[in-house]
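K.L.:
Quick one: structure below, then a few questions.
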Amino acid sequence: INKHTVVIVGGGAGGQAVAASILQRQPQTDIAIVEPADAHFYQPGWTLVGGGVFEREQTKRKMHDVMPKAAKWYQTAVSEFRPDQQRIVLENGDQLAYQSLVVATGLKLDWEAIPGLKESLGQHGVTSNYRFDLAPYTWKLVQATRKGNAIFTQPPMPIKCAGAPQKAMYLSCDDWRRSGRLNDINVEFCTAGAALFGVKEYVPSLQKYVDDYGIQLRFQHNLIAVDGPNRKATFAVTDNDGNITNVEKSFDMLHVCPPQKAPDVISHSPLADQSGWVDVSPETLQHKHYGNVYAVGDVANAPNAKTAAAVRKQAPVVAENVLSTLAGKPAMAVYEGYGSCPLTVERGKIVLAEFGYGGKLQPTFPAWLVDGTKPSRLAWLLKEKMLPWLYWDVMLKGKEWLAKPKHLSHRPEPQGAPDACNF
Ligand code: FAD
């Protein structure tokens with residue numbers, strides 16, 4: 001059995017950022033990263049691929065090139081967690097032992113949950129910016145659609161980047177308006193939710209775009225089936241009394257945001273809460289029962305917006321707390337729930353939603369520079385030019401620019417059994 005001081009499961013945004021942050025603090029730390037994929041993706045860029053602004057290759061790098069050289073990479077998936085033994089099981093049956101574990105597997109896009117969807121994707125006008133290979137098809141469809149029905153869907157929460165389904169819609173409408181086609185296209189936003197956006201301060205600006213583009217809002221419309229060849233989508237529609245009826249709609253273009261849940265390997269493990277996500281303290285991101293286990297990113301049950309922006313603030317917190325745990329000290333670094341959603345309301349303008357736990361606004365910039373509740377050109381420049389750099393060259397390099405952790409003022413209750421922290 002191989003043993004490592006820190007084992008990180010997942011080499012996406014969260015896993016890489018935590019590894020880099022730990023190595024910035026203590027370069028000699030023995031870290032292993034378990035990650036099956038050859039490539040690492042800058043997923044926030046896929047909205048701009050679907051909007052014809054980025055080429056998809058701009059969002060992809062070789063996994064080998066983003067892995068810290070000082071970390072040992074196991075190129076395989078984890079198939080089982082055994083936190084009582086401080087071990088994980090790899091797909092080939094090998095086991096790894098750890099002193100501290102960081103879970104960073106992200107979430108599962110559940111394409112199979114909607115009958116007919118998977119086989120329709122990439123043809124029949126059915127697309128999704130939630131997949132690297134399909135985002136260019138979104139842009140192709142936008143350009144090809146001259147008239148008819150365009151439907152954009154949003155499943156029940158939680159999803160990663162809750163604004164992404166709308167972003168795809170606004171950028172499409174913007175292109176149709178610029179090319180004089182918008183009046184001939186009937187655009188519908190069908191969301192399983194009951195509001196346009198979860199934080200009310202951003203709704204007036206978004207609603208104005210909805211009205212200007214002539215978008216029909218359909219709340220409590222949950223996509224349940226897709227018939228690609230006949231271009232029909234079925235929605236379960238809940239009325240105000242809670243009655244559900246099925247409604248079929250014809251489409252020429254269908255942009256789907258798939259239902260999302262915790263990966264099976266997590267929800268079937270002792271690390272999961274009742275909903276399947278890793279059960280952590282929302283402040284310290286330390287597991288509620290296993291004191292030497294942490295989670296970062298989309299897989300954690302902390303009630304923040306699941307975004308790479310959240311990871312940027314979480315990673316230094318987890319890095320610092322992991323090192324404290326290894327040193328036998330309490331986890332004191334605190335994450336305040338920051339998440340961000342740059343809503344691309346038109347090409348060249350963004351409503352920059354930034355908020356923490358409870359929907360409390362956490363703007364990075366003073367309102368005179370960027371008022372996040374209003375469409376802003378500067379925020380678009382930030383998204384197009386600066387955020388990719390912030391991701392690749394700041395966050396994934398373990399630098400803490402604009403992400404210095406805060407600290408608890410009191411000593412927390414001990415979590416789990418940190419004294420079990422040897423092999
Ligand atoms: P990921 O980055 O998804 O990485 C998870 C990794 O775990 C993957 O590499 C995977 O291969 C690996 N893994 C999975 N299972 C296992 C296993 N069993 N064993 C080992 N490894 C495993 N965020 C923003 O901040 N701003 C945006 O504008 C934005 N827009 C978005 C638009 C779209 C279309 C999408 C899809 C996402 C967007 N996001 C945005 C969200 C952001 O990309 C995610 O929140 C972020 O990538 C989460 O990081 P993560 O490390 O939790 O998961």
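K.L.:
Among SER128, SER340, which comes first, then next, by fewest other beta-carbon atoms within 10 Å? Working shown, then result.
P.N.:
Numbers: SER128 26, SER340 23.
Exposure proxy ranking, most exposed first: SER340, SER128.
K.L.:
Hey, another quick one. Using only the Cα atoms of the stretch 1-129, each taken as one equal point scatterer with no solvent, compute I(q) by the Debye sum, divide by I(0), and report log10 of the ratio at q = 0.09, 0.10, 0.21 Å⁻¹.
P.N.:
The Cα Debye sum returns log10 ratios of -0.34, -0.41, -1.19.
K.L.:
Give the long-range amide H neighbours of LYS3: residues separated by 5 or more places, or on another chain, with amide H under 5 Å away, using H modelled in the peptide plane at 1.01 Å from N.
P.N.:
ALA97
K.L.:
Find which of PHE197, THR145, TYR209 sits farthest along the positive direction of the dipole of the stretch 110-260, computed with +1 on the beta-carbon of Lys and Arg, -1 on that of Asp and Glu, about the Cα centre.
P.N.:
With unit charges placed on the Cβ atoms, the residue in question is THR145.
K.L.:
Now a separate question. Would you work out which of GLN99, GLN75, GLN86 lies farthest towards the positive end of the dipole of the stretch 63-103, given +1 charges on the beta-carbon of Lys and Arg and -1 on that of Asp and Glu, about the Cα centre?
P.N.:
Looking along the dipole axis, the top candidate is GLN99.
K.L.:
Continuing with this model, one more query. Got a sec? How would LYS200, LYS288, LYS108 order by Cβ neighbour count within 10 Å, fewest to most?
P.N.:
Going from sparsest to densest Cβ surroundings: LYS200, LYS288, LYS108.
K.L.:
Placing unit charges on C-beta atoms (Lys and Arg positive, Asp and Glu negative, everything else neutral), compute the dipole magnitude of the stretch 110-260 about its Cα centre in debye, rounded to 20.
P.N.:
It works out to roughly 420 debye.
K.L.:
If you don't mind, another one. Could you work out how far helix 308-326 tilts from the main Cα principal axis of the chain, as a 0 to 90 degree angle to the nearest 10?
P.N.:
For helix 308-326, the angle is close to 10 degrees.
K.L.:
Any idea what angle helix 203-213 forms with the longest principal axis of the chain, computed on alpha-carbon atoms, 0 to 90 degrees, nearest 10?
P.N.:
Value to nearest ten degrees: 40.
K.L.:
Can you list residues whose amide H is under 5 Å from ALA39's amide H, if they're 5+ apart or on another chain and H is modeled 1.01 Å from N?
P.N.:
Amide H to amide H, under 5 Å and 5 or more residues apart or across chains, ALA39 pairs with MET63.
K.L.:
Apply the Karplus parameterisation 6.51 cos²θ - 1.76 cosθ + 1.60, with θ equal to phi minus 60°, to every residue of the stretch 370-378 and state each ³J(HN,Hα) to the nearest whole Hz, in sequence, with x for glycine and proline.
P.N.:
Using θ = phi - 60°, the values come out as 9, 8, x, 7, 10, x, 9, 6, 4 Hz.
K.L.:
Additional query: Would you calculate, for the chain, the mean residue ellipticity at 222 nm contributed by helices, counting each DSSP H stretch of 4 or more residues as -39,500 (n - 2.57) and dividing by all residues, to the nearest 500?
P.N.:
Working: 10 runs with 90 residues, N = 423.
Using -39500 (n - 2.57) per qualifying helix, the result is -6000 deg cm²/dmol.
K.L.:
For the stretch 295-395, with the dipole built from +1 on Lys and Arg beta-carbon atoms and -1 on Asp and Glu ones, taken about the Cα centre, which of VAL299, TYR357, PRO388 lies farthest toward the positive end?
P.N.:
PRO388
K.L.:
Turning to a different aspect of this structure: For the stretch 41-150, what is the charge dipole size about the Cα centre, in debye to the nearest 20, if Lys and Arg each add +1 at the Cβ and Asp and Glu each add -1 at the Cβ?
P.N.:
420 debye
K.L.:
Okay, moving on. I need the fraction of alpha carbon pairs in the chain separated by more than 39 Å, rounded to a whole percent.
P.N.:
Cα-Cα pairs in the chain separated by more than 39 Å: 20 percent.
K.L.:
Mean-square fluctuation check for the chain, GNM, Cα pairs under 10 Å: which of VAL394, VAL317, VAL293 is largest?
P.N.:
Of the options given, VAL394 has the highest mean-square fluctuation.
K.L.:
For the stretch 110-260, what are the per-bin percents of Cα-Cα distances with bins 10 Å wide, up to the bin holding the maximum?
P.N.:
For the stretch 110-260, the pair-distance distribution reads 11, 44, 37, 7, 0.
K.L.:
Hey, in the GNM for the chain with a 10 angstrom Cα cutoff, which one of LEU323, LEU254, LEU402 fluctuates hardest?
P.N.:
LEU402
K.L.:
What does a probe at PHE219 reach in the stretch 178-195, counting residues whose amide N is under 20 Å from the point 7 Å along Cα→Cβ?
P.N.:
Taking a point 7 Å out along Cα→Cβ of PHE219, the residues of the stretch 178-195 whose backbone N falls under 20 Å are 187-195.
K.L.:
How much of the DSSP beta bridge set in the chain is antiparallel, as a percent to the nearest 5?
P.N.:
Antiparallel bridges make up about 55 percent of those DSSP assigns within the chain.
K.L.:
Between beta-carbons, use under 12 Å as the cut-off and find the net charge around VAL280, counting Lys and Arg +1, Asp and Glu -1.
P.N.:
Result for the local shell: -2.
K.L.:
Hey, fewest Cβ within 10 Å first, where do ASP212, ASP227 land in order?
P.N.:
So the residues, fewest neighbours to most, are ASP212, ASP227.
K.L.:
If you don't mind, there's one more thing I want to ask. If you line up the long axis of helix 135-144 against the longest principal axis of the chain, both from Cα atoms, how many degrees apart are they, to the nearest 10?
P.N.:
10 degrees
K.L.:
Using θ = phi - 60° and the Karplus form 6.51 cos²θ - 1.76 cosθ + 1.60, what ³J(HN,Hα) does each residue of the stretch 49-66 get, whole Hz, x for Gly and Pro?
P.N.:
Going residue by residue, I get 5, x, x, x, 9, 9, 7, 5, 5, 5, 9, 10, 9, 5, 4, 3, 7, 9 Hz, with x marking Gly and Pro.
K.L.:
Treat every Asp and Glu Cβ in the chain as -1 and every Lys and Arg Cβ as +1, leave all other atoms uncharged, and give the resulting dipole magnitude about the Cα centre to the nearest 20 debye.
P.N.:
Charge dipole, the chain, about its Cα centre: 1080 debye, nearest 20.
FYI, it's all coordinate maths here, none of it is from the lab. Nothing here was measured: the structure is a model prediction, and the numbers come from that model. Ideal geometry is used to build each Cβ from the backbone, glycine not excepted, and the neighbour counts take in all protein chains shown.
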